[in-house]
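Worksheet for the structure shown next.
The values are calculated or read from the model by the stated rules, or taken from the named source; none is laboratory data. Fair warning: this is a prediction, and the values are worked out from it, not measured in the lab. As a convention, Cβ positions derive from the backbone with ideal geometry for all residues, glycine included, and neighbour counts pool all protein chains shown. SASA here: full protein model, heavy atoms, side chains in, ligands and nucleic acids out. Shrake-Rupley method; radii C 1.70, N 1.55, O 1.52, S 1.80 Å.
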Amino acid sequence: MREYLKKYVTLRRHEFGIMVKKAKKSKACYLFLAPYAILFTMFYILPVCSSIFFSFTYYNILEPPKFIGLQNYISLILQDDIFLTAVKNTFMIAVITGPLGYIMSFLFAWLINELPRWIRTIAVIIFYAPSIAGNVFVIFSIFFRGDAYGYVNAFLMNAGLIDAPILWLTNPKYMLTVCMLVILWMSLGTGFLSFVAGLQGVDRSQFEAGYMDGVKNRWQELWYITLPNMKPMLMFGAVMSITQAFGVCDVTMALCGYPSTDYAARTVVTHLFDYGFSRFEMGYASAIATLLFLIMILCNKAIQSLLRRVGT
């Protein structure tokens, strides 16, 4: 065992020495990378590390942080019923809108890629528009308005399907479903654009070679040729889907209010916003952010392992 450890340490030292020598030879490259590395560290690495630190403290901005160990995490998991409701809602949104939006984005991109060039350009603009439209999702509050003047209620009443208006955005029975429809509509943008770019970059000669090697139909072409060539775009789309699904906050707050009825549209980020910017309990909010960060990393790793099987 000791000999194995010695060999392992020796090998690591040797590799570290080689890495240092390569770094010395590439000083100019690291010099060009330095501005980005410094900004990335200041605005990404340090905030994450400070959030993890504050999650073990009681910190209300006005007083110095007081170390309280795991008390924030214990309170979150064992005492905070609203947080558990927020976790349930967030996972429902992530499980439904994440994969569904991801698959729909790819299918639409795949279909649009077969269209003529000018039609494809118009279709890409239409599908990408929700991602750059800002707070346009607020218009859905008119569609799902809770009286007879709402478009959905008016249509259902004129069709004779309902007798009285439905309170879509205040009834806990419907709130989360409406929010998921809006989130799904908004999630078709960024991943869709990357899929279109990936489909455009596939070498056409590979399709000819594939047919000579036994590819018989479009599904085999998709699985063995198209998808393996698009793995970076698939990974990017997956990361964006995870981030958007777990980061839902603005949509639920704008449509269902803050707080929503019986916390039926409460999400983890909304809960974080409540404790961080309404109650100023930064330690507790940091614990929520840290848990969300860990969940997103685990989901990201799971999706990476699934994408490695593409084309095999």
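Only one of V48, V20 is at pLDDT below 85 and of a type in the set (A, V, I, L, M). Can you tell me which? Sole residue among the options that is at pLDDT below 85 and of a type in the set (A, V, I, L, M): V20.
Here the helices (runs of 4 or more DSSP H) wholly within segment 1-95 that include at least 3 residues being more than 18 Å from L294 (Cβ to Cβ), open to solvent by 60 Å² or more (accessible area, probe 1.4 Å) and charged (D, E, K, R) are 2-25. Which of the residues that make up segment 96-118 are modelled with pLDDT under 80 and assigned to a helix (DSSP H, G or I)? Listed by number, the residues that qualify are R117, W118.
Of all residue pairs spaced 6 or more apart or on separate chains, those with beta-carbon atoms under 6 Å, a first member in segment 212-228 that is closer than 19 Å to Q304 by Cα and of a type in the set (A, V, I, L, M, F, W, C) and a second member that is assigned to a loop (DSSP other than H, G, I, E, B) and open to solvent by less than 60 Å² (accessible area, probe 1.4 Å) are L227/V310; L227/G311. So for segment 242-253 (the condition being more than 21 Å from S305 (Cβ to Cβ) and touching a Lys or Arg at 6+ places or on another chain (Cβ under 8 Å)), does at least one residue qualify? Yes, some residue in segment 242-253 is more than 21 Å from S305 (Cβ to Cβ) and touching a Lys or Arg at 6+ places or on another chain (Cβ under 8 Å). Here L255 passes the criteria (1) assigned to a loop (DSSP other than H, G, I, E, B); (2) open to solvent by less than 20 Å² (accessible area, probe 1.4 Å); (3) at pLDDT 85 or above except the one numbered (1).
The residues in segment 96-115 that are in contact (Cβ under 8 Å) with a residue 60 or more places away in the chain and open to solvent by 30 Å² or more (accessible area, probe 1.4 Å) can be counted, and the count is 7.
Apart from one condition, R309 fits all of (1) farther than 20 Å from M175 by Cβ; (2) in a helix (DSSP H, G or I); the exception is (2).
Selection of segment 231-252 for residues being at pLDDT 85 or above and surrounded by 20 or more Cβ atoms within 10 Å (Cβ to Cβ) yields F246, V248, V251, T252. Scanning segment 261-282 for residues that are touching a residue at least 40 places away in the same chain (Cβ under 8 Å) and hydroxyl-bearing (S, T, Y) gives T261, Y263, T267, T270. If I ask for residues that are assigned to a helix (DSSP H, G or I) and closer than 23 Å to I96 by Cα, which ones from segment 150-176 would you list? Those that are assigned to a helix (DSSP H, G or I) and closer than 23 Å to I96 by Cα: V152, M175, L176. Restricted to segment 187-230, and to residues there that are among the β-branched types (V, I, T) and either at pLDDT below 75 or surrounded by fewer than 13 Cβ atoms within 10 Å (Cβ to Cβ) (or both), the residue that is nearest to S105 (Cα to Cα) is T190.
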